[in-house]
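Participant: Take this structure first; my questions come after.
Taken together, the values in this text are just the output of simple stated rules run on the coordinates, not laboratory data. Computed from a predicted model, the values in this text were never measured in an experiment. Note that each Cβ is placed from the backbone with ideal geometry, even for glycine, and that neighbours are counted across all protein chains shown.
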Amino acid sequence: MDRRTAIRTLASVSVLPVLAPERASELLDARRIIVAAERVSTSLSQSELEIVGLVADIILPRTGSPSATDLDVPAFVDLIVSEWMDDKDSDDFLLGLRMLDTESVVRFGIGFTESSSDQQHTLVSELDAQMPEPG
């Protein structure tokens, strides 16, 4: 996907909150078609995409507006990892996903995608608390 297409896609998502629900659905469908048609490569496995989706939905759950997975955030993250990140950043991101899954196995005896919603929220909240303040 070239930058113009990426910008069009981002712009289409940015107007969702002001649209009537039936129009938002149409726009989401159109954006999914654009992304699917122009997507060249992928970096994330199905398991990694599931982890990204679960974490994204914790950060942006469905409320009165669509959730992260409703907006295909995992596909967008995959696009960024595949076509925008350099190798080091991509490797670091993938390592982070593996570490999250490993931490779930160590603490709960099961992978992140199989763990309960409460367990997933606990891990993500703890990671968030460990993040340095911006700036």
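Participant: Which value in nm describes the separation of the simple spin-label points at S116 and D87, placed 7 Å from the Cα toward the beta carbon?
Facilitator: It works out to 4.4 nm between the two label points.
Participant: What does the charge count around Q119 come to, taking other residues whose C-beta lies under 14 Å from its C-beta (Lys +1, Arg +1, Asp -1, Glu -1)? Let's see the in-between values first.
Facilitator: Working: positive: R107; negative: D101, E103, E114, D118, E126.
Combined, the nearby Lys, Arg, Asp and Glu give -4.
Participant: Loop only by DSSP, 15 or fewer other Cβ within 10 Å of the Cβ. Give me the chymotrypsin sites (Phe, Trp or Tyr not before Pro) in the range 82-135 that pass, ordered by residue number. Write down the numbers at each step before the final one.
Facilitator: Details: sites: W84, F93, F108, F112; in loops: W84, F112.
When the chymotrypsin sites (Phe, Trp or Tyr not before Pro) of the range 82-135 are filtered for loop state and at most 15 Cβ neighbours within 10 Å, W84 remain.
Participant: Enumerate the residues in the range 57-93 having an amide nitrogen under 20 Å from the point lying 7 Å beyond the Cα of F108 toward its Cβ.
Facilitator: Those under the cut-off are 57-62, 68-70, 74.
Participant: Report the local net charge at R62: Lys and Arg +1, Asp and Glu -1, summed over other residues whose C-beta lies under 15 Å from its C-beta. Before the final figure, lay out the partial values.
Facilitator: Values: positive: none; negative: D57, D70, D72.
That sum, taken over residues with Cβ under 15 Å, equals -3.
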